[in-house]
Each structure stands twice: as C-alpha cells, then as structure tokens.
1. Filter the stretch 164-174 down to the residues that are in contact with a strand residue (DSSP E or B) (Cβ under 6 Å, 6 or more places away or on another chain) and part of a loop (DSSP other than H, G, I, E, B) and list them by number.
2. Can you tell me how many residues in the stretch 104-155 are farther than 18 Å from residue 70 by Cβ, without any contact (Cβ under 8 Å) to a residue 40 or more places away in the chain and within 19 Å of the chain's Cα centre (by Cα)?
3. Give the residue that is farthest from residue 86 (Cα to Cα), with candidates limited to residues of the stretch 190-203 that are of a type in the set (D, E, K, R) and free of Cβ contacts under 8 Å to residues at least 60 places away in the same chain.
4. Of the residues that sit in the stretch 44-100 and are within 13 Å of the chain's Cα centre (by Cα) and of a type in the set (Val, Ile, Thr), which one is nearest to residue 110 (Cα to Cα)?
5. How many of the residues in the stretch 1-60 are at pLDDT 95 or above, among the small types (Gly, Ala, Ser) and either outside any loop (DSSP other than H, G, I, E, B) or over 22 Å from residue 215 (Cα atoms) (or both)?
6. For the stretch 30-46, what are the residues that are touching a residue at least 60 places away in the same chain (Cβ under 8 Å) and exposed (fewer than 15 other Cβ atoms within 10 Å of the Cβ)?
7. Specify which of the listed residues (140, 99, 160, 86) is at pLDDT 95 or above and under 25 Å from residue 55 (Cα atoms).
8. Within the stretch 182-203, how many residues turn out to be assigned to a strand (DSSP E or B) and farther than 23 Å from residue 30 by Cα?
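The values are calculated or read from the model by the stated rules, or taken from the named source; none is laboratory data. Model, not experiment: these values are computed from the prediction. Positions of Cβ are backbone-derived with ideal geometry, glycine not excepted, and every protein chain shown enters the neighbour counts.
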Amino acid sequence: MKIALMTIGLFFSATIFAQLQPLVSKVYSYNNAPAANSKKGAIKTIFNGSGAILSNHNIKVVALVSGKKMNYEKANSTELFIIIKEGSLSITLNDKLTELGRGSIVCVMPGDKLLISNNSKSIAYYYAMDYVSIAAPNAERGAKAGGSFIVNWNDIAFKEHDRGGVRNFFIRPTVMLNKFDIHVSTMNPGKVSHPPHTHTNEEIILMLDGSGEMQIGNEHQACQAGDVVFLNSMVLHNFSNNSSKPATYYAIQWN
C-alpha cells in the first residue's frame, strides 16, 4: 500500500511539473495579470512556466497592506528574488533587519528565512520571483558566493552615458544559477538600448518607470511601468524609448 501511495505521489508530482509550459518570449502585462485578494492585500501572477535553465519559474507582484507581513521562513527547495516596486518595507533576512525602499532587492537562497513587513502607512508593492534550476542545486556554490544577500538601491552608483545611464547591481553565482547578472538601465526619450541583438542567456526586462517598445524577434510590442518582458535564448531584441519621459528597467540574465 505504501509503495502504491508513493508511486501515485511521484506520478502526481511529475504531472504537475509536466504541466508547466515553456515561457513564451513576449511582454507580460502587469495591468492584465490575474489577481487574488486576501486580508494582507493582493497577489498578481505575471507569469508561471519553465525555461532552458529553470524548470519552474514564476513572477508575482505582491501588494502588502500597511501593518501586514509576508512570511517566507519555511525551508524550501526554491530560490527567491525580491524587487521592491513601490513603497518601503522592513526586511528580516535570517534574523537581520534592514529597511529598504523602492528599487532595492533581496535574494534568498533555499532554506533561508525571510520576513517582509509593511510598517509604513501606505500599501507597498514588490515583485517576488521564485525559481528552480533544471540542474541539481549547488549549495556549496551559493555559500562560497556569500549566500543570501540584500542590495539597497541607494548604495548603487548611477553612471551616465550618451543614452541615459546604468546602475550595475551584481554578477554572481547562487545555489540555483551559475551566474546571476543584474543591472538597471535608464533610457532617455528617443534613445535605443542597443542595435537588435541575440545572446545565449535568457533575459527578463522588468519595467520600473516609463514606457517604450520592445523588439522581440520580428515583432514590436509596447511595454510600460510594471510590465515584465521574457526573452528566450537567441531571440532578437532591443528596447526603444519612444515616449517623452525617461524609462528605467531591470535587465536580468542567468545561466
């Protein structure tokens, strides 16, 4: 009987993962994402699927009401990446408290503890990206790189260039990833990120401010603040700011 139940359980788990569809290269709309409401606020699911490196990859936007908390303290087998979208939050990472504002990030290795509290008087929003690698997780690699970490937006220098500017957040390995690479670009009105190009790494463009147009393959898709662009490996792409205001976005790559 135990063997039968175990077999059923393994089959059910395999079926769940088999149902995760490969992510399509496109702009995933923040405004049109499905939302689930609760006493703590609301959660929007931007996308949920798989890729070439990650077997399970999803991004949600959490709206956290004043005075509420989200507890991620239970040990798990996924890695978690947080970007504060709007407002300020109190972050307790492995019992260390840090106050963070808009644009700041938190990366939590599997098994570590995270408590997010909204102690402000206003609702706060943050992106929560969790993911599992197809390859076996490497705890030693993650530990050697420094383990879970926080990057405060205010600590990252803005470097101007002829199209706008850039903030280089980090390039480092994690438990799930050989290399996790994140920078934030600001494109001035009428400027283009670069000529259309391809690269091996999958990439996410996460719009923090402004609007523009993404070339994705042979298509051109509008994107605005809040939207998330997923780009598969070797997909032709670039970003154009065709608006009258600067556009700021995260460029996230991994392998």
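1. Result: 174, single match.
2. So the answer is 2.
3. Taking the candidates together, the pick is 191.
4. 82
5. 7
6. Listed by number, the list holds a single entry, 31.
7. 140
8. Residues in the stretch 182-203 being assigned to a strand (DSSP E or B) and farther than 23 Å from residue 30 by Cα: 1 in total.
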